[in-house]
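The values are calculated or read from the model by the stated rules, or taken from the named source; none is laboratory data. Here the structure is a predicted model, which is why all the values come from computation and not from measurement. We place every Cβ from the backbone using ideal geometry, glycine too, and count neighbours over all the protein chains shown. Accessible surface areas use protein heavy atoms only, side chains included; no ligands, DNA or RNA. Shrake-Rupley method; radii C 1.70, N 1.55, O 1.52, S 1.80 Å.
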Amino acid sequence: QFKGVAANRIKAPHFVMYVKQLLEEKYGASILETGGLKVTTSLDWTLQQVAESVVKEEIDKVSKTLSISNGSSVVLSTKTGEILSMVGSKDFFDKTIDGEVNVSTRLRQPGSSIKPLVYATAFAKGYSPASVLADIVTEFPGKDEKTPYIPKNYDGKEHGLLHLRDALGSSINIPAVKLTALVGVDSVLSQGFKMGLLSLEPTKETISRVGLSMALGGAEVRLLDLATAYSAFANGGFRINPVAILKIEDGSGKVIFENKTVKPDRVIDEKVAFLINSVLSDNKARLLTFGENSYLNMGNKQIAVKTGTTNDLRDNWTVGWNRDYIVGVWVG
């Protein structure tokens, strides 16, 4: 019931507005004015409060030293797709950051957080974490065929022959671009689209527009979609869809909608999912870039993590998961 509610009393406002949008798409805008619906959602209110608090605290910590003013997060069940928490911005009511905008459903550049998709596509085609590529500066054909594309590593160095385990774990750029060239941009886009990255439909326009730069985040995605897609790594290879509404009852208490769990489609081989999890939970594989005791070192906890950063800290991502839950975070 949205009408007449004081704005500052709405709990989980971005999630509420997301549910409102889903209801309008399903039943039309007038249903919310006249329907008297009772909607049961997937939200875990305790978790939501923690997530809202953490996002605000962390942004406040860095806003004075870095040009970062906003943040967003989502938490999903990797088995059901239920959205347990959705924080769309640091503060829904802060107009200076356009706080009402739900960043988790907006297209942003993912930086290196897209690399697991590249490696999953390659592993499905016969590559493995033990495969070796040369991490040396390489010229690739540019999109306009006149200007070559010459990707550089974040640290500006070349690391010679690298196992793909270390190349992915330490997020080295040049091998990721080489791998994309070897398996094909269209294959990577197709795999991502199949897993739930809806902005990566492998049309001719998208393939030509993003080119090899997609390996380093040149193709925009949504935080909610990225968490949805990477749930396939966590759950053994199955596509899930984000779920916010569990049940809808009309004014008389009659159930007019109930979310049914359907058998999910397999979108990656179980062995591929295992390999991605193995690499991204291996602290030794991260040493080249992150060192021994980075924030990504979770000790004995089996948590896979991938980060991504774009130029000028405009978009910064971390996605982490275990078998049951996936957490996606954006700040920028």
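Filtered by the rule that a residue be among the aliphatic types (A, V, I, L, M) and not in a helix (DSSP H, G or I), region 20-37 gives A29, L37. Looking at region 72-81, is at least one residue surrounded by fewer than 23 Cβ atoms within 10 Å (Cβ to Cβ), among the β-branched types (V, I, T) and over 17 Å from the mean Cα position of the chain (by Cα)? No; the residues of region 72-81 include none that is surrounded by fewer than 23 Cβ atoms within 10 Å (Cβ to Cβ), among the β-branched types (V, I, T) and over 17 Å from the mean Cα position of the chain (by Cα).
Quick check on T121: is it more than 19 Å from T180 (Cα to Cα), assigned to a helix (DSSP H, G or I) and β-branched (V, I, T)? No: the conditions fail for T121.
Residues are listed down the side, and each one gets a yes or a no for (1) among the β-branched types (V, I, T); (2) in contact (Cβ under 8 Å) with a residue 60 or more places away in the chain; (3) surrounded by fewer than 19 Cβ atoms within 10 Å (Cβ to Cβ):
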| site | (1), (2), (3) |
| --- | --- |
| D144 | no, no, yes |
| L161 | no, no, yes |
| L168 | no, yes, no |
| V177 | yes, no, no |
| A181 | no, no, yes |
| S187 | no, yes, yes |
| L223 | no, yes, no |
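Determine whether K260 is part of a loop (DSSP other than H, G, I, E, B) and open to solvent by 50 Å² or more (accessible area, probe 1.4 Å). Yes, satisfied.
Evaluate the following for S170: is it small (G, A, S), modelled with pLDDT under 95 and within 30 Å of N283 (Cβ to Cβ)? So S170 fails the test.
Only residues that are over 19 Å from the mean Cα position of the chain (by Cα) and either free of Cβ contacts under 8 Å to residues at least 60 places away in the same chain or in a helix (DSSP H, G or I) (or both) were counted across region 277-298, and they come to 14. Considered as a group, the residues in region 6-43 that are in contact with a Gly (Cβ under 9 Å, 6 or more places away or on another chain) and buried (at least 20 other Cβ atoms within 10 Å of the Cβ) include one that is modelled with the lowest pLDDT, and that residue is L23. Cβ separations smaller than 7 Å between residues 6+ apart or across chains give the following pairs from region 225-244 residues that are basic (K, R) to residues that are buried (at least 24 other Cβ atoms within 10 Å of the Cβ) and modelled with pLDDT of 95 or more: R239/M195; R239/G196; R239/A232.
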